[in-house]
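Structure, as structure tokens:
The values are calculated or read from the model by the stated rules, or taken from the named source; none is laboratory data. Predicted, not measured: the structure shown is a model, and the values here were computed from it. Reconstructed Cβ throughout: ideal geometry from the backbone, glycine too, with neighbour counts over all protein chains shown.
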Amino acid sequence: MIRTMQYILILLSHILILHGCLDPTDTNELMTKNSLDIKSQQLNYCQGDTLYDLPFANSSTLGDGLTKETAFIICNSKQFNQIGLLPETWDKYFILMADINLIEFKDEDYNQIGTEVIPFTGELDGNNKTIFNFIVTHGEENRVGIFSNLATPAVIKNLSIEDVKVIGHNY
């Protein structure tokens, strides 16, 4: 529904511009307001029952990860850990809507994101949140970390990481 409304808004803006009824600079204000509406709707997913939805907070509704507007919403550590179990989502968009404490997912319990065969190529917008208490010790394994393997065009942005302990063989 949100995506449909966005397309209608964009189409309507273009029609109004073509007919001289709207100044092209006014569309920026419309798009900014629309982006704020999307952010507030995303935040609602981290309240009530949807907070505990799996694999992601919005996967039973609008979340398909195909665009930034329909990015998979991550509200807790269980949802974040689901990313590593779902390689079919590793080329999608994700957004954190809360700080993520990974203390319950030590070593084998944490599902690393990306492999040598299927790297993560999607986008994770940390939304100025923090992932903390990440502990993995795989002394003989290579490619150990929150992300085991990234490849172009992967983007990890607006993310802080604190209190991390990663031990692996190489890189």
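Does any residue of segment 124-137 turn out to be at pLDDT below 95, assigned to a loop (DSSP other than H, G, I, E, B) and touching a strand residue (DSSP E or B) at 6+ places or on another chain (Cβ under 7 Å)?
no
Quick check on my filter: what residues within segment 112-135 are within 10 Å of Ile146 (Cβ to Cβ) and either touching a residue at least 40 places away in the same chain (Cβ under 8 Å) or not hydrophobic (A, V, I, L, M, F, W, C) (or both)?
Gln112, Gly114, Ile131 - these are the residues of segment 112-135 that are within 10 Å of Ile146 (Cβ to Cβ) and either touching a residue at least 40 places away in the same chain (Cβ under 8 Å) or not hydrophobic (A, V, I, L, M, F, W, C) (or both).
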